[in-house]
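Participant: Once you've had a glance at the structure underneath, I'll fire off some questions.
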Amino acid sequence: MTPTDPLAGTKTIERTEWRNGQWDSASDVVIEEAPVALVYNGISHVVMMATPVDLEDFALGFSLSEGILTRAEECLDIDIIQGSNGIELSLTILSESFTRLKTQRRNLTGRTGCGLCGAESLDQVVPDLAPVTTPVNLSNEAIDRAIVQLPQQQQLQQQTGAAHAAAWCDLEGNVILVREDVGRHIALDKLLGARCRLGIDTPGFSLVTSRASYEMVMKIARFNLSALVAVSAPTSLAIETAAKLGITLVGFAKEGRHLAYAGSCVEAPMVETKL
C-alpha cells in the first residue's frame, strides 16, 4: 500500500482550496463517521458515532468497559449489519449478562462520549470498583519511547488528521497494538476489545492521544489495568479516581517531559492525591 492509497475508514472527496489569491480543486482523504448501534439480544442499547473499522473490537471493548459483560466469554456472537442509516452491532450475550444490562435502566441513545449521558442516578456515576491488582513500574524512558513510536503507527491520523489513537505499550515502551477512531473513548474501547480478542496479556500501559477523562480511567480499571498515559490533560475526577483505584495516571506526555498525577513513575516520588 502506498501512502496515497485510502485506508478502510476513510473516503476520498473533492474539495477546493484558497491559496495565494486563487482557488484550486483537488481530491482529499477524510475520516468516516457513522452511527453505530449496539444491540444486545435484539434490544437496542446505545447509538455511538464512530469510525466504521475494527467494529468487533469496539463491540467487545465497550461491553466490557461499561460493565455489561464481566468476561469476554459472556459474548456468544457479534454480527455486523450494514443498514441504510448506519451500522448495527448485534451481540448475542448470556442471559445473566442481559439481566445485568436491563437492571442498569439506561437510555444512552445519542451519547456523545461524555460518559454520563443517560445515567439515572448519582450511584451510576461513580460505581464502586475494587482497586486494580496488576501494579506496574512505569519508567520515564518507556513513556518517552512510546510517545516517539506512536505517530508512526497512526495511519488514519496520517491520512486524515482527524483520528484519535489508543495504544497498548509494553514496559519497555514498545507500541504493540494500536486502534484509531474519530472518538477518543471509542478508540480506547477498540483497543481494550482487541486486547481481549487477540489474547494480548503483555504487562504494560495504555497511551491515548487525548485528555484523560474519568471515564477512561474507569474503562481501564474494569480491565484491571494499572497505568494510563495521555498526551493532554487529565480531569480532576480522573485524578481522584486513579488515586483511589491504584492507577498510575500521567498527562501532558511528550518526548522528554510528562506530568505524574497519580501513582508513580520510576525515579519519581509517589504522587499522593487527596480525595
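The values are calculated or read from the model by the stated rules, or taken from the named source; none is laboratory data. Since we're looking at a predicted model, the values are computed, not measured. No Cβ is skipped: glycine too gets one built from the backbone with ideal geometry, and neighbour counts run over all protein chains shown.
Participant: Are there any strands (runs of 3 or more DSSP E) wholly within segment 1-106 with 2 or more residues that are closer than 25 Å to N224 by Cβ, and if so which? Please lay out each step first, then the result.
Facilitator: Numbers: elements: 10-19, 22-31, 34-40, 43-50, 75-82, 87-93.
Here the list reads 34-40, 43-50, 75-82, 87-93.
Participant: Tell me which residues, restricted to segment 139-157, are within 19 Å of the chain's Cα centre (by Cα), farther than 26 Å from A59 by Cβ and not β-branched (V, I, T). Working first, answer last.
Facilitator: Applying the first criterion (within 19 Å of the chain's Cα centre (by Cα)) to segment 139-157 yields 143, 146-147, 149-157.
Subset that is farther than 26 Å from A59 by Cβ: 143, 146-147, 149, 151-152.
Within segment 139-157, A146, Q149, P151, Q152 qualify.
Here's the yes/no breakdown for (1) closer than 23 Å to P6 by Cβ; (2) touching a Lys or Arg at 6+ places or on another chain (Cβ under 9 Å):
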| site | (1), (2) |
| --- | --- |
| G42 | no, no |
| F58 | yes, yes |
| S63 | no, no |
| G86 | yes, no |
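Participant: I need the full set of residues from segment 12-41 which are without any contact (Cβ under 8 Å) to a residue 12 or more places away in the chain and of a type in the set (G, A, S), in order please.
Facilitator: The first filter runs over segment 12-41 and keeps only residues without any contact (Cβ under 8 Å) to a residue 12 or more places away in the chain, leaving 16-25.
Within segment 12-41, G21, S25 meet the criteria.
Participant: When segment 195-205 is examined, which residues are found to be of a type in the set (G, A, S) and surrounded by fewer than 24 Cβ atoms within 10 Å (Cβ to Cβ)?
Facilitator: Going residue by residue through segment 195-205, those that are of a type in the set (G, A, S) are 199, 204.
Within segment 195-205, G199 is the sole residue that qualifies.
Participant: Suppose the filter is out of contact with any Gly (no Cβ under 7 Å at 6 or more places or on another chain), closer than 20 Å to Q152 by Cα, free of Cβ contacts under 8 Å to residues at least 40 places away in the same chain and not aromatic (F, W, Y); does G173 pass it? Break it down into steps so the answer makes sense when it comes.
Facilitator: Numbers: out of contact with any Gly (no Cβ under 7 Å at 6 or more places or on another chain): yes; closer than 20 Å to Q152 by Cα: yes; free of Cβ contacts under 8 Å to residues at least 40 places away in the same chain: yes; not aromatic (F, W, Y): yes.
So G173 passes the test.
Participant: Follow-up question, since we're still on this one. Hey, does segment 151-170 have a residue that's more than 19 Å from V217 (Cα to Cα) and among the charged types (D, E, K, R)?
Facilitator: Within segment 151-170, the first condition is being more than 19 Å from V217 (Cα to Cα), and the residues that meet it are 151-163.
Next cut, among the charged types (D, E, K, R) only: none.
Checked against the condition, which is being more than 19 Å from V217 (Cα to Cα) and among the charged types (D, E, K, R), segment 151-170 yields no hits at all.
Participant: Looking for whichever is in contact with a Phe, Trp or Tyr (Cβ under 7 Å, 6 or more places away or on another chain) and not charged (D, E, K, R) here; the options are N20, N41, N85. Which one fits?
Facilitator: Values: N20 fails: in contact with a Phe, Trp or Tyr (Cβ under 7 Å, 6 or more places away or on another chain); N85 fails: in contact with a Phe, Trp or Tyr (Cβ under 7 Å, 6 or more places away or on another chain).
Just a single option satisfies the conditions, and that option is N41.
Participant: Need pairs with beta-carbon distance below 7 Å; first residue touching a residue at least 60 places away in the same chain (Cβ under 8 Å) and within 8 Å of V217 (Cβ to Cβ) and within segment 234-253, second aliphatic (A, V, I, L, M) and surrounded by 24 or more Cβ atoms within 10 Å (Cβ to Cβ); sequence gap 6+ or separate chains.
Facilitator: T241/V217; I247/V217; I247/I220; I247/A227; I247/L228; I247/A262
Participant: A further question on this structure: Consider only pairs whose beta carbons are under 8 Å apart and that are at least six residues apart or on different chains; among these, list those whose first residue lies in segment 142-155 and is within 16 Å of R184 (Cβ to Cβ) and whose second residue is of a type in the set (S, T, Y) and not in a helix (DSSP H, G or I).
Facilitator: So the pair list comes out as L150/T209; Q154/T209.
Participant: On the basis of being surrounded by fewer than 16 Cβ atoms within 10 Å (Cβ to Cβ) and either of a type in the set (A, V, I, L, M, F, W, C) or within 20 Å of the chain's Cα centre (by Cα) (or both), does T160 make the cut? Walk me through it before giving the result.
Facilitator: Working: surrounded by fewer than 16 Cβ atoms within 10 Å (Cβ to Cβ): no; either of a type in the set (A, V, I, L, M, F, W, C) or within 20 Å of the chain's Cα centre (by Cα) (or both): yes.
The answer is no for T160.
Participant: Among the β-branched types (V, I, T), farther than 14 Å from F205 by Cα and either at pLDDT below 95 or over 16 Å from the mean Cα position of the chain (by Cα) (or both): is that true of V136 in this structure? Break it down stepwise before answering.
Facilitator: Numbers: among the β-branched types (V, I, T): yes; farther than 14 Å from F205 by Cα: no; either at pLDDT below 95 or over 16 Å from the mean Cα position of the chain (by Cα) (or both): yes.
Answer is no for this residue.
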